[in-house]
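The values are calculated or read from the model by the stated rules, or taken from the named source; none is laboratory data. Just so it is clear, the model here is predicted, and its values are computed rather than measured. Cβ: placed from backbone, ideal geometry, glycine included. Neighbour counts: every protein chain shown. Ligands, DNA and RNA are excluded from the accessible area calculation, which covers all protein heavy atoms including side chains. Shrake-Rupley method; radii C 1.70, N 1.55, O 1.52, S 1.80 Å.
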Amino acid sequence: MICNALLVLALNSSHEARGEPFHGQVAVAQVVLRRAKHDQRQVCKVVYAFRQFSWTAAKPPVDDRKAWAEAVRAAKVAVLWSHGAGRDYSAGADHYHTIEVCPRWSRGMRLVAVIGRHE
């Protein structure tokens, strides 16, 4: 399988943070890039790892063109950040979740940022 890191970052931002502020979508992509150790060749491995991002199990369609364009733009901003340009909106985070839940894996982690409905 050939992986396009930018496409997968955009898909992840779209499914994980659609409806959030733009910088929240960028932060989602930054978290993935940080977990991939800034290696775009590792982005698909990180996103599609077992139970890391719930949308990957169902693979829902992207049906809102405007939201998709925003997710692609967020992915591009995050890739530029990964190369040393721009702001770290994720504040160093390597995980995030919606504020509606408190997942077991988050216990013992330090909260570094709240963006929209994600922390």
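Each Lys and Arg contributes +1 and each Asp and Glu -1, all at the Cβ; summed about the Cα centre of the chain, the dipole is approximately 280 debye.
Kirkwood Rh, the stretch 1-99, all Cα pairs: how many Å?
About 13.2 Å, per the Kirkwood formula over Cα pairs.
Could you please state how large a percent of the accessible area of the stretch 7-61 is carbon and sulfur, counting protein chains only and using a 1.4 Å probe? For the stretch 7-61, the apolar C and S fraction of the accessible surface comes to 54 percent. Loop-located chymotrypsin sites (Phe, Trp or Tyr not before Pro) in the stretch 1-50 (DSSP state not H, G, I, E or B) with no more than 12 neighbouring Cβ atoms inside 10 Å: Phe50. Amide hydrogen proximity for Arg117: with H placed 1.01 Å from N in the peptide plane, no residue at 5 or more positions away or on another chain lies under 5 Å.
Counting only heavy atoms of the protein chains, get the accessible area per residue of the chain (1.4 Å probe) and round it to a whole Å² value. Before the final figure, lay out each step's value.
Values: 7380 Å² over 119 residues.
On a per-residue basis, the chain sits at 62 Å².
Within the stretch 1-63, the trypsin sites (Lys or Arg not before Pro) that combine a DSSP coil assignment with at most 11 other C-beta atoms in a 10 angstrom radius are Lys37, Arg51.
Which loop-located trypsin sites (Lys or Arg not before Pro) does the stretch 54-119 contain, where loop means any DSSP state but H, G, I, E or B and the Cβ has at most 15 other Cβ atoms within 10 Å? Don't jump to the answer; show the numbers that get you there.
On the way: sites: Arg65, Lys66, Arg73, Lys76, Arg87, Arg104, Arg107, Arg110, Arg117; in loops: Arg87, Arg107, Arg110, Arg117.
Hits after loop and neighbour filter: Arg87, Arg107, Arg110, Arg117.
Computed with a 1.4 Å probe over protein heavy atoms only, the accessible area of Leu111 comes to about 100 Å².
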